[in-house]
1. Below 8 Å, C-alpha to C-alpha, sequence gap of six or more: please give me the relative contact order for segment 68-115 in percent.
2. Ratio of segment 175-357's C-alpha Rg to 2.2 N^0.38 Å, to two decimals?
3. Tell me, how many Å apart are the Cα centres for segment 285-343 and for segment 143-221?
4. Give me the net charge of Gly257's neighbourhood, meaning all other residues with Cβ under 11 Å from the Cβ of Gly257; Lys, Arg count +1, Asp, Glu -1.
5. Compute a Gaussian network model of the chain, connecting alpha carbons closer than 10 Å, and tell me which residue from Ala137, Ala206, Ala123 fluctuates the most.
6. Please identify the trypsin sites (Lys or Arg not before Pro) of segment 256-296 that satisfy two criteria: DSSP loop assignment and at most 16 other Cβ atoms within 10 Å. Which are they?
7. I want the local charge near Phe128. Using Cβ-Cβ distances under 12 Å, sum +1 for each Lys or Arg and -1 for each Asp or Glu among the other residues.
8. Using the reciprocal of the averaged 1/r over all distinct C-alpha pairs, how large is the Kirkwood radius of the chain in Å?
Amino acid sequence: MRIAFDAKRYFNNATGLGFYSRTLVNGLRAFFPENEYLLYTPYIRRNYAPDDSGARFPEGFPGKLIHPLWRSNLITSQLKRDKVKVYHGLSHELPSGLSRAGIRSVVSMHDLIFMRYPQLYPATDRFFYRWKYRKAAREADVVVAISEQTKRDLIDYFGVPAWKIRVIGQSCDPAFSEYSLGGTPGSSRIPLPPDIRVPESGFVIAAGSLTPRKNWDGLIRALSIARERGFDIPLVAVGTGNSDYARSLPALALKLGVSVVWINRHIPSRELALLYRRASALVYPSIFEGFGIPILEALTIGIPVVTSTGSCFGEVGGAAALYANPKSAEDLADKIIQATERETRERLMREAPGQIRQFDLRNICETWNKLYTDLSGMNSRL
């Protein structure tokens with residue numbers, strides 16, 4: 001079976017959609033090597049992918065010159081020439097004309113945050129996101145939501161019929177299983193890169209872009225409150241950003257007396273796993289997400305998680321996480337302090353294996369492979 005992917009983010013995105021794309025495609029390659037996986041991308045500028053076999057680039061002068069035109073339209077004739085059976089838009093988009101070309105399609109929808117929190121996005125971005133997402137949801141044979149929360153949003157905001165939506169979660173990079181505390185005890189035996197220096201122990205870690213939605217200021221205020229209560233807990237902050245908000249965070253931490261190690265660069269999965277190993281807990285106080293992959297990464301490594309109430313967080317963390325109101329620094333401080341208590345940590349870690357199994361990479365890839373097979377069978381019946 002020949003399956004094509006919109007692979008722009010597979011090759012060029014360091015985090016988020018890039019992680020999702022690489023984990024899924026490389027999992028499919030590992031578990032279903034009998035398929036042929038073609039990765040269509042307008043360019044490879046910063047190759048974050050461990051395997052670039054199967055890469056396909058624009059053919060013809062217009063596609064090479066105008067990349068958006070190729071991705072949204074011209075690519076379809078190329079897919080047809082390549083005898084593609086199924087096309088998977090890995091992140092919210094599909095090119096036009098797939099059905100007319102006899103190509104079945106599925107699109108992954110990660111979130112509709114721009115609809116729920118429009119104030120966080122420029123008006124131009126909202127316009128194009130809304131147009132592209134609606135179009136893809138309308139034209140796809142199957143829409144896959146990354147969580148039940150995203151499925152509800154697709155129904156509520158775009159009117160996508162429930163029968164057209166499948167929910168298939170995501171797994172985390174295999175590096176987190178490889179370096180889990182249960183599988184490879186003794187974090188001090190595995191060194192960090194020389195440019196990363198963190199406290200020996202007792203710190204919490206947070207990961208995500210330095211944007212208001214991730215609620216970094218709320219986390220810093222929560223750690224300040226914990227400090228006032230006698231719990232001086234350092235933070236290791238993994239994230240990048242160059243906005244006024246991002247630049248304000250170190251000054252806020254300094255003002256409130258919170259010790260923060262800022263790691264403002266791309267961190268590959270292996271390095272991030274090694275950082276998680278050394279942490280006492282992950283704190284993920286985001287206001288809203290489509291999935292919340294750091295929760296699953298931390299549980300897989302074997303450390304407690306404190307995250308937010310609402311959104312999709314309970315789907316990922318289940319009974320293996322503590323939940324705080326993200327708008328209450330006091331509540332967040334309470335939960336962070338609880339995560340340092342031995343009994344609470346042990347209780348959460350007992351729940352973690354069952355939660356992790358729900359997002360096992362092999363099971364997720366089996367679900368996807370069956371979906372591709374079903375879609376390909378629809379072609380053969382035409």
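1. Values: 55 pairs, mean separation 18.1, N = 48.
Once normalised by length, the contact order is 38 percent.
2. 0.94
3. So the two Cα centres are separated by 10 Å.
4. Values: positive: Arg227, Lys255; negative: Glu228, Asp232.
Taking every Cβ under 11 Å from that of Gly257, the sum is 0.
5. Ala123
6. Of the trypsin sites (Lys or Arg not before Pro), the ones in loops of segment 256-296 whose Cβ has at most 16 other Cβ atoms within 10 Å are Arg265.
7. Spelling it out: positives minus negatives among the neighbours equals +3.
8. Details: mean 1/r = 0.0458 Å⁻¹.
Computed over the chain, the radius equals 21.8 Å.
Throughout, read-outs are computed from the coordinates displayed, never taken from laboratory work. Worth saying up front: this structure is predicted, and the values here are computed from it rather than measured. No Cβ is skipped: glycine too gets one built from the backbone with ideal geometry, and neighbour counts run over all protein chains shown.
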